[in-house]
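A short write-up of the structure that comes next.
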Amino acid sequence: GENVEQHPSTLSVQEGDSAVIKCTYSDSASNYFPWYKQELGKGPQLIIDIRSNVGEKKDQRIAVTLNKTAKHFSLHITETQPEDSAVYFCAATPPGTGRRALTFGSGTRLQVQP
Amino acid sequence: DTGVSQNPRHKITKRGQNVTFRCDPISEHNRLYWYRQTLGQGPEFLTYFQNEAQLEKSRLLSDRFSAERPKGSFSTLEIQRTEQGDSAMYLCASSLAGTSGQETQYFGPGTRLLVL
């Protein structure tokens, strides 16, 4: 099955700096890669996703890049703000009508220092 | 609020007791998923439904766990004879099946279970 590794496990940045979180996946057939943000006591909230037919996607201060050859994808947050502090999870899922499970990484705790 | 809702939000039970959680998906979403999340880890897939049919189950879903979605709307997850290792956050997500591959899964706030 799919295996997703995520680094780093914790990340501390100064407000205004950029943050980068990286994930690698094992199943070359995986074709959908969402990123979720989870705040304390809440469920994960989708912040951006990318499909395997594109290499990069951007939404305001958030961008995701995908390297299918190397089987890794990254989340980039620019101009970080204290409200960006949370745990971020990457996920991957392979294609197939019977397979809908997301496989998550172990999470990155991002702390933005004001 | 039109998001995914879960009840109860917290549950404390004694080992050996049965518990049941409920999930109400986003209206008109035909797919519903259950995940389990332990402290410091990402969510782990348990099972998913398309309408009322349970189409995929994880090895994590032991025979003490059962999930239903009788009318293709809300779903229940029951854990029988709870064990301390069942203590976790149980997350529900829903999505609307599309034709272009994987669709976005929207998560609820979760039910936190503590087994004493």
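The values are calculated or read from the model by the stated rules, or taken from the named source; none is laboratory data. Note that the structure is a prediction, hence the values are computed from the model and not measured. Because the Cβ atoms are built from the backbone with ideal geometry, glycine has one as well, and the counts that use them run over all protein chains shown. Heads up: the accessible areas ignore ligands, DNA and RNA and are worked out on the full protein's heavy atoms, side chains in. Shrake-Rupley method; radii C 1.70, N 1.55, O 1.52, S 1.80 Å.
Counting pairs of alpha carbon atoms under 8 Å apart in space and at least six apart in sequence, what relative contact order in percent does chain B give?
Computed value for chain B: 36 percent relative contact order.
What percentage of the solvent-accessible surface of the protein assembly as shown, computed with a 1.4 Å probe over protein heavy atoms, is contributed by carbon and sulfur atoms?
With neighbouring chains kept in place, the figure for the protein assembly as shown is 46 percent.
To the nearest 20 debye, what charge dipole does chain B have about its Cα centre, counting +1 at the Cβ of each Lys and Arg and -1 at the Cβ of each Asp and Glu?
440
Beyond 17 Å, what share of the Cα-Cα pairs of the stretch A:54-103 is found? Please give it as a whole percent.
51
Return the residues of the stretch A:18-50 for which accessible area with all protein chains present is lower than in the chain on its own by 20 Å² or more; set the probe to 1.4 Å and exclude ligands, DNA and RNA.
Residues losing area: A:TYR32, A:TYR36, A:GLN38, A:GLY41, A:GLY43, A:PRO44, A:LEU46.
Please report the antiparallel percentage of the DSSP beta bridges confined to the protein assembly as shown, to the nearest 5.
Here the antiparallel bridges make up roughly 90 percent for the protein assembly as shown.
Per 5 Å bin from zero, what fraction in whole % of the C-alpha pairs of chain A is there, up to the bin with the longest pair?
2, 12, 24, 24, 19, 10, 5, 2, 0, 0
In the Gaussian network model of chain A, springs joining C-alpha atoms below 10 Å, which of A:THR78, A:THR24, A:THR69 carries the largest mean-square fluctuation?
A:THR69
Interface A/B, total buried accessible area with a 1.4 Å probe, nearest 100 Å²?
Using a 1.4 Å probe on protein heavy atoms, the buried area is about 1700 Å².
Please check: in the Gaussian network model of chain B (C-alpha springs, under 10 Å), which one of B:SER94, B:SER73, B:SER27 has the largest mean-square fluctuation.
Of B:SER94, B:SER73, B:SER27, the Gaussian network model singles out B:SER27 as fluctuating most.
Which one of A:ALA101, B:THR2, A:PRO82 is farthest out on the positive end of the charge dipole of the protein assembly as shown, using unit charges on Cβ (Lys, Arg +1; Asp, Glu -1) and the Cα centre as origin?
Towards the positive end, the residue furthest out is A:ALA101.
Under a GNM of chain A (C-alpha, springs under 10 Å), which listed residue has the highest mean-square fluctuation: A:GLN14, A:GLN60, A:GLN81?
A:GLN60
Counting pairwise Cα distances across the protein assembly as shown, what percent come out greater than 34 angstrom? If you can, show how the numbers build up before the last one.
On the way: 3727 of 26335 pairs.
Roughly 14 percent, rounded to a whole number.
Rounded to a whole number of µm²/s, how large is the Stokes-Einstein D of the stretch A:1-63 at 4 °C and 1.567 mPa s, given Rh as the Kirkwood radius over C-alpha pairs? Present the calculation step by step, with values, prior to reporting the outcome.
Numbers: Rh = 13.7 Å.
Reported coefficient: 94 µm²/s.
Taking square-rooted eigenvalues a ≥ b ≥ c of the alpha carbon gyration tensor, is the stretch B:21-69 rounded, prolate or oblate, where a/c under 1.5 means rounded and, failing that, a/b exceeding b/c means prolate?
Because a/c hits 1.5 or more and a/b fails to exceed b/c, the stretch B:21-69 counts as oblate.
Roughly how many debye, to the nearest 20, is the charge dipole of the protein assembly as shown about its Cα centre, given +1 on each Lys and Arg Cβ, -1 on each Asp and Glu Cβ, and no other charges?
580
Once the convex hull of the alpha carbons of chain B is built, what does its volume come to per residue, in cubic angstrom?
Hull volume over Cα atoms, normalised by residue count, gives 103 Å³.
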